[in-house]
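Working notes, beginning with the structure itself.
Throughout, read-outs are computed from the coordinates displayed, never taken from laboratory work. Just so it is clear, the model here is predicted, and its values are computed rather than measured. With ideal geometry, Cβ positions are generated from the backbone for all residues, glycine too; neighbour counts draw on all protein chains shown.
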Amino acid sequence: MSERPYRVAVIGSGPAGFYAAGELVGSADPEVEVDVIERLPTPWGLVRSGVAPDHPKIKSVSRIYERTAAHPRFRFFGNVELGRDVSHDELLARYDAVVYAVGAETDRPLRIPGADLPGVWPATKFVGWYNGHPDHRDHDFDLSVERAVVVGNGNVAVDVARMLCLERDELAATDIADHALEAMAGSSIREVVMVGRRGPVQAAFTTPELRELGELRAADVVVQPEDLLLDPHSRAHLEQGATPTTMRNIELLARYAERPAGDRPRRIVLRFLRSPVEILGDGRVEAVVLERNEIVPGEGVMMARPTGEREEVPAELVFASIGYRGVPLAGVPFDEERGVIPNDGGAVTGREREYVVGWIKRGPSGIIGTNKKDAKETVTRLLADLRSRGEAPRGAPGAETEAFLRSREPRLVTQAHWEAIDRHERGLGEPHGRERVKLTRVEELLEAGGHAREGESSSAAA
Ligand code: NAP
């Protein structure tokens with residue numbers, strides 16, 4: 001075993017970053033010290049700013065990350081951005097290895113005429129907004145409208161549809177950002193139409209999420225029986241090789257289709273085999289043109305082929321929920337087509353000492369737990385490389401790296417600062433029976449952590 005531990009920087013503190021950090025600090029041979037570097041003052045990535053506020057059980061996975069953060073070989077450095085405050089070369093000069101865990105920071109754009117009209121939004125921005133992500137704090141969603149269309153058939157689309165149908169008291173019990181609570185509690189939306197370009201057999205959402213739509217207090221879920229009439233290819237797939245999720249989804253959708261019309265104040269209408277082909281409006285969105293598709297076999301997948309049959313759905317708000325997309329990092333290879341860092345089992349292609357985990361490694365798929373297995377694969381590879389190289393640790397001592405990071409960002413957010421922010425937010429939530437009240441501006445977060453305002457002298461908590 002080497003005399004001092006190797007030192008690894010993990011860039012990004014979402015689930016993938018935390019699972020990688022957990023695997024690394026858990027290694028006995030070789031021993032590894034981990035610095036998790038995060039551009040926001042807060043950790044946990046999409047667990048804080050992606051998981052829907054009414055899913056507190058899913059969010060409670062953060063307890064696992066807290067345990068990792070308590071490890072003596074773990075450090076957190078927030079408010080430091082790769083590319084803005086530190087460069088790729090500077091990190092590689094100070095760490096034995098760097099692991100990119102930056103996720104997929106942007107959305108896949110909807111490329112149809114009219115997609116740039118006001119009122120058309122990527123769902124990722126709406127999700128960031130209601131979750132209090134500082135980047136999305138100031139979006140202004142006009143919820144004083146009757147109908148919203150959500151494009152996409154994944155779990156994010158389901159989250160958005162469901163969130164749009166919760167009532168004030170249901171929202172107020174969550175950790176939804178206060179600005180979103182006020183806006184959404186006053187929403188006039190009566191109908192949310194969720195549109196999948198392929199059929200129910202190809203839908204990407206999972207059964208628990210679909211079931212929740214049918215259990216909403218203030219919304220009826222509507223499925224047209226004719227939308228469940230399967231084409232021969234989908235029927236064959238269902239009979240021969242469908243996953244349990246698909247089977248359960250189809251059973252549940254059939255039950256929804258049989259439900260008598262309800263009288264709840266809102267409706268979620270699930271449409272299938274429809275692609276938006278144009279968004280219409282004079283100065284803002286007024287309608288979505290949908291084209292009917294049919295399913296045809298493609299290379300290993302069932303594809304949607306347009307039939308030419310079109311219809312107009314009036315709507316004043318459109319959320320495109322068609323997937324996230326990775327963003328390139330300066331100095332790091334990038335596969336433009338897939339939106340990922342090219343890699344072999346987590347080792348960045350053509351690079352030494354650089355690794356990748358999570359959505360920026362495999363694309364934006366899977367649930368939070370998927371990242372655990374993913375991180376294990378990468379870290380196993382990283383540790384094997386360290387062992388096989390047999391070099392003495394070259395990483396700069398911890399105090400030196402911290403001083404370097406602080407020289408670049410004096411208001412560095414350490415674990416102690418984050419814990420002060422966490423206590424503060426939980427304290428704000430407690431009198432209202434809420435898990436926390438989120439601070440949504442970087443300045444507020446830094447102050448709650450014990451940092452002075454920009455330009456004033458610091459009274460850092462750690
Ligand atoms: P997703 O599961 O990949 O779904 C994307 C959807 O967008 C698919 O229905 C896809 O249809 C559709 N789509 C893509 N391009 C389109 C286009 N040009 N026009 C129309 N539709 C298009 O992605 P996601 O919903 O963003 O979720 C990301 C990941 O996070 C998923 O793995 C998801 O399960 C996970 N997640 C989980 C939870 C949870 O566990 N509660 C919550 C949120 C997210 P095709 O299938 O035809 O391509």
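Would you be able to say whether some residue in segment 196-210 is of a type in the set (Asp, Glu) and more than 30 Å from Pro244 (Cα to Cα)?
Within segment 196-210, not a single residue is of a type in the set (Asp, Glu) and more than 30 Å from Pro244 (Cα to Cα).
Taking segment 1-52 as the region of interest, how many residues are out of contact with any strand residue (DSSP E or B) (no Cβ under 8 Å at 6 or more places or on another chain) and farther than 20 Å from Pro134 by Cα?
The total comes to 12.
Could you identify the single residue in Ile176, Ile189 that is more than 12 Å from the ligand (Cβ to nearest atom), in contact with a helix residue (DSSP H, G or I) (Cβ under 6 Å, 6 or more places away or on another chain) and assigned to a loop (DSSP other than H, G, I, E, B)?
Testing whether each residue is more than 12 Å from the ligand (Cβ to nearest atom), in contact with a helix residue (DSSP H, G or I) (Cβ under 6 Å, 6 or more places away or on another chain) and assigned to a loop (DSSP other than H, G, I, E, B) leaves just Ile176.
Return the residues of segment 335-346 that are touching a strand residue (DSSP E or B) at 6+ places or on another chain (Cβ under 6 Å) and not polar (S, T, N, Q); say none if nothing qualifies.
Of everything in segment 335-346, those that are touching a strand residue (DSSP E or B) at 6+ places or on another chain (Cβ under 6 Å) and not polar (S, T, N, Q) turn out to be Gly339, Ile341, Pro342, Gly346.
What are the pairs with Cβ atoms under 8 angstrom where one residue, in segment 50-68, is closer than 15 Å to Gly369 by Cα and the other, located anywhere, is of a type in the set (Phe, Trp, Tyr) and away from the ligand (no atom under 12 Å from the Cβ)? Sequence gap at least six, or different chains.
Pairs that qualify, where the first residue is closer than 15 Å to Gly369 by Cα and the partner is of a type in the set (Phe, Trp, Tyr) and away from the ligand (no atom under 12 Å from the Cβ), are Ser62/Trp44; Ile64/Phe18; Tyr65/Phe18; Tyr65/Trp44.
Please tell me if Lys361 is part of a helix (DSSP H, G or I), surrounded by fewer than 19 Cβ atoms within 10 Å (Cβ to Cβ), within 16 Å of the ligand (Cβ to nearest atom) and of a type in the set (D, E, K, R).
No: the conditions fail for Lys361.
Condition first: in contact with a strand residue (DSSP E or B) (Cβ under 9 Å, 6 or more places away or on another chain) and surrounded by 15 or more Cβ atoms within 10 Å (Cβ to Cβ). Now tell me which residues in segment 374-395 satisfy that.
Once the filter is applied, which keeps residues that are in contact with a strand residue (DSSP E or B) (Cβ under 9 Å, 6 or more places away or on another chain) and surrounded by 15 or more Cβ atoms within 10 Å (Cβ to Cβ), segment 374-395 yields Ala375, Thr378, Val379, Arg381, Leu382, Leu383, Asp385, Leu386, Pro393, Gly395.
Mind listing whichever residues of segment 193-212 are in contact with a Pro (Cβ under 9 Å, 6 or more places away or on another chain) and near the ligand (Cβ under 10 Å from one of its atoms)?
Val195, Arg197
Hey, Arg137 hits all of (1) basic (Lys, Arg); (2) touching a Lys or Arg at 6+ places or on another chain (Cβ under 9 Å); (3) within 16 Å of the ligand (Cβ to nearest atom) but one; which does it fall short on?
Result: Arg137 fails condition (3) only.
Identify all residues within segment 142-163 that are in contact (Cβ under 8 Å) with a residue 60 or more places away in the chain and more than 15 Å from the ligand (Cβ to nearest atom); write none if there are none.
Asp142, Leu143, Val145, Glu146, Arg147, Ala148
Under 7 Å by Cβ, and 6 or more places apart or on different chains, what pairs join a residue from segment 189-208 that is polar (S, T, N, Q) with one that is within 11 Å of the ligand (Cβ to nearest atom)?
Hits for this filter: Gln202/Met302; Thr206/Asn155; Thr206/Thr245; Thr207/Thr245.
Of the residues in segment 102-119, how many are without any contact (Cβ under 8 Å) to a residue 24 or more places away in the chain and away from the ligand (no atom under 14 Å from the Cβ)?
The total comes to 1.
Taking only segment 53-82 into account, find how many residues are of a type in the set (Asp, Glu) and in contact with a strand residue (DSSP E or B) (Cβ under 9 Å, 6 or more places away or on another chain).
Qualifying residue count for the region: 1.
Every residue, every condition in (1) more than 30 Å from Asn155 (Cα to Cα); (2) not acidic (Asp, Glu), yes or no:
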site	(1), (2)
Arg351	yes, yes
Ile367	no, yes
Glu377	no, no
Arg394	yes, yes
Glu400	yes, no
Arg406	yes, yes
Gly433	no, yes
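Among the candidates Leu82, Leu46, which residue alone is touching a residue at least 24 places away in the same chain (Cβ under 8 Å), within 30 Å of Pro410 (Cβ to Cβ) and under 13 Å from the mean Cα position of the chain (by Cα)?
Leu46
Within segment 426-434, does at least one residue satisfy the condition of being closer than 30 Å to Thr174 by Cβ and part of a loop (DSSP other than H, G, I, E, B)?
yes
So which of Val296, Val332, Val327 ends up being buried (at least 20 other Cβ atoms within 10 Å of the Cβ) and touching a residue at least 60 places away in the same chain (Cβ under 8 Å)?
It is Val332.
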